[in-house]
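Notes to accompany the following structure.
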Amino acid sequence: MGKTVAEKILASHLVEGELKKGEEIALRIDQTLTQDATGTMAYLEFEAIGIPRVKTELSVCYVDHNLVQSDFKNADDHRFLQSVARKFGLYFSPPGNGISHQVHLERFGIPGKTLLGSDSHTPTGGGLGMLAMGAGGLDVAMAMAGKPFYLIMPKIYGVKLTGKLQPWVSARDVLLEVLRRLSVKGGVGYIMEYFGPGVKELSVTDRATITNFGAELGATTSVFPSDENTRIFLAAQQREEAWQELVADDDAEYDEIMEIDLATLEPLIACPSSPDNVVKVSEIAGKPVAQVLVGSCTNSSIRDLSIVAKTLDNHEVSPEVSFEVNPGSRQVLENISKAGDLHTLIHAGARVHQAGCLGCIGMGQAPPTGAISLRTFPRNFPGRSGTVGDKVYLCSPEVAVASAIKGVITDPRDLGAYPEVILPEKYLLGDGRIVAPWPAGDDVEIVRGPNIAPFPEFQAIPETWTGKVMLKVGDNITTDHIMPAGAKILPLRSNIPAISEFVFESVDSKFPLEMKNAAAHNVFGAIIGGDNYGQGSSREHAALAPRYLGVQVKLVKSFARIHKANLINFGIIPLVFSDPADYDRVEQGSELVIAGIREALENDSEEITVECDGKPIQAKLELSKRHREILVTGSLLNWARS
């Protein structure tokens, strides 16, 4: 039987296990990336491992999240990251140089390679034919130390594309359609692989939009083949030597298959407050819009900003709309400037910001109260924008610019002829600010500001665990619910005691204080949750900060992949209800006892009894042997040291 693209990359990087669906495997990681919101902690963890230099083929430290320097914290962290890159042998992409995923696609991505990033949108690299996966910072630190990355062998979900996109319909609409069909948990346990005759109609940046946005499916990653379009993109980046053809065999088999005729798609939009709340734009056209943002790691390429500029050639932005553009990289900014598109954007009324994530993670650009904000971003979780009760819609650049012109949600097909965008055969590279790794052996001092706190230590678990349910939540709880982003909180990512004060802030603002009071009486905490608990970003702080407060058990109906891995890495026991109906039997404030938990982990038990207020509930231990060893020691760092 032939192999898919994903299976070929998996096979060439397998170092432990067998490629059997549902079994744990370990992969050699070629490249890593971090961004500053997760990178500060990842490098503190790498430093704690004690390895003098990264052992990957290539590792890059990006600064793209915490760009607003309202006080010393972010600026200090940027200096820390630059000094860490020098000391440990990483490339360094400074503030304003661009969003990690866009820059990595342009300057570092290589078809057939593995990429592990401390950001959930790392699958962007799949648009280039990479196996690119998001993970917690500690997993990335281990990869930089030369250790393999462990995961459960996913199934392969084939998405067969036929036809060609119609005018005013773009790659964004492809993944909105997939989300409409599958939901935000429809990709859990799968690699999404795109194939079929429609693939050749999509450029690399089109494909990267799809693989980036595919993170919202809960998928392990998404991947396209490396073909002639890939070669053209790399040639334009003056990196054609990095190209290799990588396509699925003709007789490759997929575990599931979905077919999409690109020609049948029309402009789509995700309504508040979930990326899978998808409808046709034509169905909700006419709603007044107060803010329109174009950019983020999903849609900030030269193509995306060029189509916006060309549309604005003969239009102005409505005076009722704040229209803002966040370029994806310095390369994008330089090229649209040379083409004259930057002037068009400014003249039409756009506010052009520095290249970075900005409003996507609540770093400024919060929308007004009660008003609609249209964004080409990947997420619209409640309050993520920085405004309580926000009304954030997710759409393509075409829908965004049409709506900015009209002042209401607009089907872009109403604008008439579709502008032609001709990309240059050779890009201005825009990489002059990227700092190459310093030579090994140079004496480099790591710069530490007062906001950088020591990494906390965690003890091994006891034989019998007793504690209290400190919080009960429902389905699709995101990492934004657990550990919020935003300009107020993101600068505290390198200070676990400080950032822990905001755990579950939007759910129960008293949670940190209640956890501290419980810890003062030697009472440990448990969280009860529904399906797809921990969806969203890779931020390990959503596991690390609760663990610091004393949360040691999470009992839910099901977990999102990255969050579950992060829980294990920091010694939080992830339990799954054997019978989901038992969720209703556990209340906030219930007393829990888990007798023999250590023995159950050591003896590979698949189920354990949890006493809830004296009554038994069965829970599953869906863990590999390595997971169990980590939990017994109390954390991945403890396990690695032992």
>> Exactly one condition in (1) part of a loop (DSSP other than H, G, I, E, B); (2) under 20 Å from the mean Cα position of the chain (by Cα) is false for Leu138; which is it?
In response: (1)
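Can you tell me which residue among Gly364, Gly359, Gly349, Gly340 is under 22 Å from Asp390 (Cα atoms) and surrounded by fewer than 23 Cβ atoms within 10 Å (Cβ to Cβ)?
Values: Gly359 fails: surrounded by fewer than 23 Cβ atoms within 10 Å (Cβ to Cβ); Gly349 fails: under 22 Å from Asp390 (Cα atoms); Gly340 fails: under 22 Å from Asp390 (Cα atoms).
Of the residues listed, the single one that is under 22 Å from Asp390 (Cα atoms) and surrounded by fewer than 23 Cβ atoms within 10 Å (Cβ to Cβ) is Gly364.
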> For the stretch 437-460, does any single residue satisfy the condition of being modelled with pLDDT of 90 or more, touching a His at 6+ places or on another chain (Cβ under 8 Å) and within 30 Å of Ala366 (Cα to Cα)?
Replying inline: no
> What is the number of the single condition among (1) within 30 Å of Ser273 (Cα to Cα); (2) more than 23 Å from the chain's Cα centre (by Cα); (3) among the hydrophobic types (A, V, I, L, M, F, W, C) that Ala487 does not meet?
Replying inline: (2)
> Which residue out of Leu33, Leu58 is under 22 Å from Asn566 (Cα atoms) and within 22 Å of the chain's Cα centre (by Cα)?
Replying inline: Leu33
>> Quick check on Asp443: is it touching a residue at least 40 places away in the same chain (Cβ under 8 Å) and not assigned by TED's automatic domain parsing to the domain that holds Thr32?
In response: no
>> Condition first: assigned to a loop (DSSP other than H, G, I, E, B), polar (S, T, N, Q) and out of contact with any Lys or Arg (no Cβ under 9 Å at 6 or more places or on another chain). Now tell me which residues in the stretch 103-135 satisfy that.
In response: none
> Which numbered condition trips up Ile9, out of (1) of a type in the set (Val, Ile, Thr); (2) in contact with a Pro (Cβ under 6 Å, 6 or more places away or on another chain); (3) assigned to a helix (DSSP H, G or I)?
Replying inline: (2)
> Can you name every residue in the stretch 496-525 that is among the aliphatic types (A, V, I, L, M) and either within 24 Å of the chain's Cα centre (by Cα) or within 12 Å of His481 (Cα to Cα) (or both)?
Replying inline: Ile496, Ala498, Ile499, Val503, Val507
> Mind checking which residues of the stretch 408-448 are in contact with a strand residue (DSSP E or B) (Cβ under 7 Å, 6 or more places away or on another chain), part of a loop (DSSP other than H, G, I, E, B) and farther than 28 Å from Ser329 by Cα?
Replying inline: none
> In the stretch 160-254, which helices (runs of 4 or more DSSP H) lie fully inside it and hold 1 or more residues that are surrounded by fewer than 19 Cβ atoms within 10 Å (Cβ to Cβ) and modelled with pLDDT of 95 or more?
Replying inline: 171-182, 228-236
> In the stretch 284-310, what residues are touching a helix residue (DSSP H, G or I) at 6+ places or on another chain (Cβ under 6 Å), more than 16 Å from Ile210 (Cα to Cα) and in a loop (DSSP other than H, G, I, E, B)?
Replying inline: Val289
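The values are calculated or read from the model by the stated rules, or taken from the named source; none is laboratory data. These figures come from a predicted structure and were not determined experimentally. A quick note on method: Cβ atoms are made from the backbone with ideal geometry, for glycine too, and the neighbour counts reach across all protein chains shown.
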